[in-house]
């Protein structure tokens, strides 16, 4: 019997790797693979590799290119909804690039572009207890990204250019951020920030277990170094983790006070720490929201799709109707008229 | 000829005064008056005075109580949309109070409750170049409040409890805020904060012109003290104003990066400073938004309705349909279904 199902390919561009996958009509991820991002190479080279790889991955799952209905791409960037261009990807050094057009030079297929964290949020918002809720999904890895799903749609802000949860100042005129600003939430809460905080603490605690965790080499410190040593009882590592969690909780509380989601989901590399991270995070964020104890802190849960959320969400872009949360700019007056009600 | 027009009464509860007004069907404010807030008096006494006063104000405009179609009340508080209760008004010390029910003990009329800054935002969003745009209105007075109008509706967040722009941390674990948290935007950007900043600077600059502006009495420092002395060339006052504007611009930039409004409007007592405030504010906020120079800083304008915005917006609550920006909690699943699109 011939298989006439449709499939959707997703590409998730991260700071260190690019992930590929194919989903079926039931949102099931049939295959996934990742390659190093190879950041720093010419844009055109990276995009050609992406187009080649996604075809190979589909073929490896026994799905011919002709059975792929569309390719969705999640980019760690602001995306222009009118042109499909990458506006500004601070962690990749990309600025004003025609990713859609460049991709279609290699594969003439419908291409959908969206912010990577928005893709992950879209996928997570359809899973388990999140389904049907207004959900804030925060993805903590190289950056502190996120997506807000309101009424099943990606919240894109008042001019459709998106929602950047990591680049509001949390520490007025604090640490320099890769985006060019200072004191951004991302500059204190990303895994990159955690690595910086870990190294700083190690330099003043030469006897910390963290040195053993990284083989005595500061260059080998990663996002797990402090957590691993803290779990073994190292006091300095415990301080790193505790302080880091306070920053993350403050960043999340800021967003809850503004957006009041019905659920908060934490994804990205850091979510691998599970309840060791999430339990103190719930407690701290709950005490930092506006009207704490009066208005509820929404349930805070670990992402269910793990690293696959970005791929699945990107693939879903081709499967769900486009969903701006607001009328595009210039869409005409929608202000209420007294006459209608008077 | 008998006048059969409908009229709408508005009450705007502020930290220091309560303002009253009546508008006609064309949003025109026919009369307004204000009385001292008398904070600290029993809630019931304040509400009775409000009901008595709004009737008197209407009568003074020649409008009998029977011609008032409804009373809208703007409260500096989170408002529960299901019960019409005041949830938490940090600047008044009110918590979980049935303002609607208490008011109707004195006047049995439709009563509409909304956050005061949301009321002001609703009124401002219908005026001049803001009409039809997605507008962020920031009201700076006793507090740093605001309202976001998306598609002509008040943005109420993911659980309809509202949007609190002043109580996200701008200075991680900084100054104590009246809301109980630390480092809130409001704690650096309200006129109350400006007065604190003015006094602090005066204490280290005993020769500053600011002392003359307040008659040598720290208790008489107000939101104009530093601005007046700065305009006369006083260096210390200039520093107060410059630093204050940096805080305000950072607070506004944080919101622009998250919400990307098409226009920002500044209202409240501070807006009386006009371009002396707004010009440096535009420049600084424009440099503090995410992707500055790539994504646009929306036009930043002075509010057009001045102190009347809160009264007019409150009155309009009774004239425009209720407008939650999202489906109320429990409104059912709205997540997209693959099946519909596959």
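Laboratory data are not the source of any read-out in this text; all were calculated from the coordinates shown. What you see is a predicted model, and the numbers here were worked out from it, not measured in a lab. Using ideal geometry, Cβ is built from the backbone for each residue, glycine included, and neighbour counts are taken over all protein chains shown.
When the expected Rg is taken as 2.2 N^0.38 Å, what fraction or multiple of it is the alpha-carbon Rg of the range B:129-303? Can you show the working numbers first?
On the way: Rg = 16.5 Å, N = 175, 2.2 N^0.38 = 15.7 Å.
The reported ratio for this selection is 1.05.
Sort the range B:150-247 into rounded, prolate or oblate with this rule: let a ≥ b ≥ c be the square roots of the eigenvalues of the Cα gyration tensor; rounded if a/c is under 1.5, and if a/c is not under 1.5, prolate when a/b is larger than b/c, oblate otherwise. Walk me through the numbers on the way to the answer.
Values: a/c = 2.88, a/b = 2.21, b/c = 1.30.
Here the range B:150-247 falls in the prolate category.
Annotation: the residues A:201, B:82, A:302, A:105, sorted from fewest to most other C-beta atoms within 10 Å of their own C-beta, follow the order B:82, A:105, A:302, A:201. In this simple spin-label approximation, residue B:17 and residue A:105 carry label points 7 Å from Cα along the Cα→Cβ vector, and these lie 6.5 nm apart.
Please state the shape class of chain A: rounded when a/c is under 1.5, otherwise prolate if a/b exceeds b/c and oblate if not, all from the C-alpha gyration tensor. Intermediate results must be reported in sequence, preceding the final value.
Numbers: a/c = 1.73, a/b = 1.23, b/c = 1.40.
Taking the square roots of the gyration eigenvalues as a ≥ b ≥ c, chain A is oblate.
Every helix of 4 or more DSSP H residues in chain A counts as -39500 (n - 2.57), and over all residues that averages to -10000 deg cm²/dmol at 222 nm. Treating r as the C-beta distance of residue A:235 and residue A:175 and R0 as 35 Å, the FRET efficiency rounds to 0.90.
Where the label is 7 Å out from Cα toward Cβ, how close does residue A:108 come to the same position in every other copy, in nm, shortest first? Copy-to-copy label distances for residue A:108: 7.4 nm. In nanometers and ordered shortest first, the copy-to-copy spacing of the residue A:212 label point, defined 7 Å from Cα toward Cβ, is 7.0. FRET efficiency for the pair residue B:28 and residue B:283, taken as 1/(1 + (r/R0)^6) with r the Cβ-Cβ distance and R0 = 30 Å, rounds to 0.25. For residue A:287, the distances from its label point to the matching points in the remaining copies are 3.7 nm, ordered from shortest, with each point set 7 Å beyond Cα toward Cβ. Given chain B, what percent of its DSSP beta bridges are antiparallel, to the nearest 5? Antiparallel bridges make up about 60 percent of those DSSP assigns within chain B.
With a/c under 1.5 counting as rounded, go ahead and sort the range A:84-148 into rounded, prolate or oblate using the C-alpha gyration tensor (a ≥ b ≥ c being the square roots of the eigenvalues; past the cut-off, prolate if a/b is larger than b/c, else oblate). Verdict is oblate for the range A:84-148. Taking the fewest neighbouring Cβ atoms within 10 Å as the starting point, the ordered list for A:12, A:24, A:308 is A:24, A:308, A:12.
Centre-to-centre separation between the Cα atoms of the range B:56-78 and those of the range A:75-133: 50 Å. Exposure proxy shown here: for B:112, A:188, the number of other Cβ atoms within 10 Å sets the order, fewest to most, as B:112, A:188. Distance from the Cα centroid of the range B:208-279 to that of the range A:138-168 is 31 Å (rounded to whole angstrom).
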